[in-house]
Amino acid sequence: MAGARGYDRQITVFSPSGHLFQSEYAFKAVNSSGLTSISVKGKNSVVVVTQKKIVDKLIHGDSVTHLFNITQRIGCVMTGMMADCRSVVTRAREEAVNFQYKYGYSIPCSYLAQRIGDLAQVNTQYAGRRSMAVVTMLCSIDDEKGPQLFRIDPTGTVLGYRGASAGVKEQEALSLLEKKLKDPNEELNEDQTIQAAIHSLQVCLSSDFKSSDIEVGLVSIENGKNGVFHILDESTIERHLNSIAERD
């Protein structure tokens, strides 16, 4: 029998203690980005918030983002290694375009989430592949089911959430969200949803943000919005930060 150190050489081999080390390494690699992301689902909106870190003063800030449109109405926040994030986003866009071409209508968020999860799970089956070091959180407004939020991890697990997190401070963020969203019948409006997500990120990181320190993505059907995913500008983020500071 191979030594204990040999069980991480193949992605499909379990250790005697029941671990798939290569999959666990993928989760650790997600945290190597040093980012924490939070998503919150409200009554008629879904908000995704993540940190924005520019590692070099020469990098143009507009080129650094972890928020992406998959379709016009489906957005995502990607947490993990940037190269893997872009690879998953590209494949998700291909799946969405192919679905639209084949069936004649836009891909549902729930189906896309399951499809991304299936593709991630395939990477755990073959020795010639590796799990992508990225946690994907998809958000959308479904015409029938309303706001939707899904989280897909590197092993392909897909679950729907009212509030979700990923990254370095994932557990701390989940604890905060459980307190904020403990009443399943409480329905947050758009502003409350945005501020709940931002405030949770502030508390779990013990930091007061400037508007340039975070990215906020929103999909909503409140206030005349038509369910299109978009990224909030810095002036709008600053307004919500001021509201949080005044409330506290």
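What to note about this one:
- Criterion: out of contact with any Asp or Glu (no Cβ under 6 Å at 6 or more places or on another chain) and of a type in the set (S, T, N, Q) - qualifying residue of 45, 63: 63
- Qualifying residue in the stretch 55-67 (condition: of a type in the set (S, T, N, Q), over 19 Å from residue 149 (Cβ atoms) and without any contact (Cβ under 8 Å) to a residue 12 or more places away in the chain): yes
- Residues of the stretch 12-35 that are out of contact with any Leu (no Cβ under 8 Å at 6 or more places or on another chain), farther than 18 Å from residue 66 by Cα and of a type in the set (Phe, Trp, Tyr): 21, 25.
- Count - residues of the stretch 125-150 that are within 17 Å of residue 35 (Cβ to Cβ) and either surrounded by fewer than 20 Cβ atoms within 10 Å (Cβ to Cβ) or among the β-branched types (Val, Ile, Thr) (or both): 3
- The single condition among (1) closer than 19 Å to residue 149 by Cβ; (2) charged (D, E, K, R); (3) at pLDDT 95 or above that residue 43 does not satisfy is (3).
- Any hit, the stretch 11-29, residues being surrounded by fewer than 15 Cβ atoms within 10 Å (Cβ to Cβ) and either closer than 25 Å to residue 228 by Cβ or of a type in the set (Lys, Arg) (or both): yes
- Residue within the stretch 1-8 that is assigned to a loop (DSSP other than H, G, I, E, B), among the aliphatic types (A, V, I, L, M), surrounded by fewer than 21 Cβ atoms within 10 Å (Cβ to Cβ) and out of contact with any helix residue (DSSP H, G or I) (no Cβ under 9 Å at 6 or more places or on another chain) present: yes
- Within the stretch 195-214, being out of contact with any Leu (no Cβ under 8 Å at 6 or more places or on another chain) and of a type in the set (S, T, N, Q) holds for 195, 202, 206, 207, 212.
- Odd one out for residue 148, checked against (1) of a type outside the set (Lys, Arg); (2) over 18 Å from residue 25 (Cβ atoms); (3) assigned to a helix (DSSP H, G or I): (3)
- Within the stretch 94-118, the set of residues being surrounded by 16 or more Cβ atoms within 10 Å (Cβ to Cβ), in a helix (DSSP H, G or I) and within 19 Å of the chain's Cα centre (by Cα) comprises 95, 96, 109, 110, 112, 113, 115, 116, 117.
- Residue in the stretch 69-90 that is assigned to a loop (DSSP other than H, G, I, E, B), at pLDDT 95 or above, touching a Leu at 6+ places or on another chain (Cβ under 8 Å) and closer than 27 Å to residue 212 by Cβ present: yes
- Contacts under 7 angstrom Cβ, first residue in the stretch 118-135 being over 17 Å from residue 158 (Cα atoms), partner at pLDDT below 85 and not in a loop (DSSP other than H, G, I, E, B), 6 or more apart: 130/22
- Pick from the stretch 44-75, criterion small (Gly, Ala, Ser) and buried (at least 22 other Cβ atoms within 10 Å of the Cβ), ranking: nearest to the chain's Cα centre (by Cα): 75
- Within the stretch 206-229, tally of residues that are over 18 Å from the mean Cα position of the chain (by Cα), surrounded by fewer than 18 Cβ atoms within 10 Å (Cβ to Cβ), of a type outside the set (D, E, K, R) and on the phi < 0 side of the Ramachandran plot: 4
- Cβ-Cβ contacts under 8 Å between residues 6 or more apart (or on different chains), taken from a first residue in the stretch 88-99 that is farther than 13 Å from residue 152 by Cβ to a second residue that is in a helix (DSSP H, G or I), are listed as 96/112; 99/111; 99/112.
The values are calculated or read from the model by the stated rules, or taken from the named source; none is laboratory data. No experiment lies behind these values; they were computed from the predicted model shown. No Cβ is skipped: glycine too gets one built from the backbone with ideal geometry, and neighbour counts run over all protein chains shown.
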